[in-house]
Ligand SMILES: *Cc1c(COP(=O)(O)O)cnc(C)c1O
């Protein structure tokens, strides 16, 4: 039929007015919270529709649709930018998702110290000015067996500070096989350059011998550095110099040996089938003069850089002016102290610290939780998907245990009318956002990193994403 196409202008006239949309029950809550802001959201929604109508000659939507869009916009504006997400990736220490979850005692310590005054830098015995580091130094010495300790903002800062304090203007020897990039563009050689030390690379990518280090020693050598290859392994035709060999070389020439351990674990994870991460205690016992590691990787604490080692070296490092610029804040210290306390008893640490608990979750429990989620999903009769209970492999993440295979249980969801990438994107953009992996045209939900109680949120998120 040859009807007249209504002019866009005419269509625009039938678009409801702001006050009409604002009256919708869908906006009642928003209006009671902040009327001006709710009104502003309605205006923005109407403006978007005006543009679409002019461009596409669309019929204006009903009031309820406009109100729903405005309510959605209102809640988007109200939500914090940094917020909780559901980690269904199975990567326990996911740097993009905030790495380690804190233990309950660590959370309580933050709450207590954030809402009250504290003795952060006050010696309560003498009434004189104290040091913020005292709160964790004794614990670190007790747990690691090191003479002294210092904590800073993160491990990158720890490495940087140690090099700046001990080797600026001099040479630092490092193996070519250990010139690591950690991610987020943290490259060992670049940090070293910034600290003012001169990098002396020895050996080759796959093989470095003690003799390579020894040949490179000169009157300019300030430090021998060993870097733990956190997120990769060189396999096959290889040779690395052991910590003990490096330590004896350092002793022979009176040059301190420093190790950037990256993750730094206090418990021997090989007891749980996770091989390849030396413990901090082992490295201290091997005689390393200075050791740095992260607070929020395998340790399972807050973001921090921990330095342990010889008293004389730590004293020099602590006095360096950069230490003030890299210093640790009081809430981090509170959480770190609470986390370290758990390590006085390894069994308690394993039960209390979420990272260790997640890494060592028993298979039966993972399977049981996957079955529970599977039943919930089946019962909710999601449209257009194929759902399977599957065995999956989780990862430690955080640049630790790169080769460790952590067998786990999960759910594979294959959308029929949609591609998996699109479904994953919808889940990521939902509220709460759900982060998944994609494998063989399906999204994978690994139960290892899904916290108890989040199963219901996942079912709801999927129902919305598929609606
Ligand atoms: C992770 C890592 C770093 C950086 O630690 P942050 O705590 O993230 O600053 C440095 N070196 C190695 C070997 C690492 O694995």
Sorted by packing (mean other beta-carbon atoms within 10 Å per residue), highest first, where do 290-302, 274-286 land?
-> 290-302, 274-286
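Round to the nearest 0.05 the FRET efficiency obtained for residue 282 and residue 418 when R0 = 45 Å and r is the Cβ-Cβ distance.
On the way: r = 50 Å, r/R0 = 1.11.
Efficiency, rounded to the nearest 0.05: 0.35.
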Where does each of 49, 409 land when they are ranked from fewest to most other beta-carbon atoms within 10 angstrom?
-> 49, 409
Cα-based helix-to-principal-axis angle, 363-379 vs the chain, degrees rounded to 10 | 10 degrees
Order of 162, 76, 113, 41 - criterion: other Cβ atoms within 10 Å of each residue's Cβ, fewest first = 76, 113, 41, 162
Taking Cα atoms, the helix 63-78 axis meets the longest principal axis of the chain at an angle in degrees (rounded to 10) of 20 degrees
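Can you tell me the mean projection area, over all orientations, of the convex hull of segment 104-352's alpha carbons? Units nm², please.
Values: hull surface 56.2 nm².
Projected area, direction-averaged: 14.1 nm².
Pull up the DSSP beta bridges for the chain and report the antiparallel fraction as a percent, rounded to 5. Walk me through the intermediate numbers first.
Numbers: 31 of 54 bridges.
In the chain, DSSP labels about 55 percent of beta bridges as antiparallel.
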Could you give the radius of gyration (one decimal) and Dmax (whole number) of the Cα atoms in the chain, in Å?
-> 28.1, 97
Estimated FRET transfer efficiency when R0 is 51 angstrom, pair residue 327-residue 239 (beta carbons, to 0.05) = 0.80
PRE zone check, label point 7 Å out along Cα-to-Cβ of residue 32, amide N under 20 Å, scope segment 72-115, hits 72-79
Calculate for the chain the 222 nm mean residue ellipticity that helices alone would give, adding -39,500 (n - 2.57) per DSSP H run of length 4 or more and normalising by residue count, nearest 500 deg cm²/dmol.
-> -12500 deg cm²/dmol
Segment residue 95-residue 204, length gained on full extension (0.36 nm per residue, minus Cα span) | 36.3 nm
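With both partners inside segment 104-352, how many of the DSSP beta bridges are antiparallel, as a percent to the nearest 5? If you can, show how the numbers build up before the last one.
Values: 13 of 32 bridges.
In segment 104-352, DSSP labels about 40 percent of beta bridges as antiparallel.
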What angle do you read, to the nearest 10 degrees and between 0 and 90, between the alpha-carbon axis of helix 330-342 and the longest principal axis of the chain?
-> 70 degrees
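Read the figures in this text as sums done on the coordinates, not as results from a lab. This is a predicted model, so every value here is computed, not measured. We place every Cβ from the backbone using ideal geometry, glycine too, and count neighbours over all the protein chains shown.
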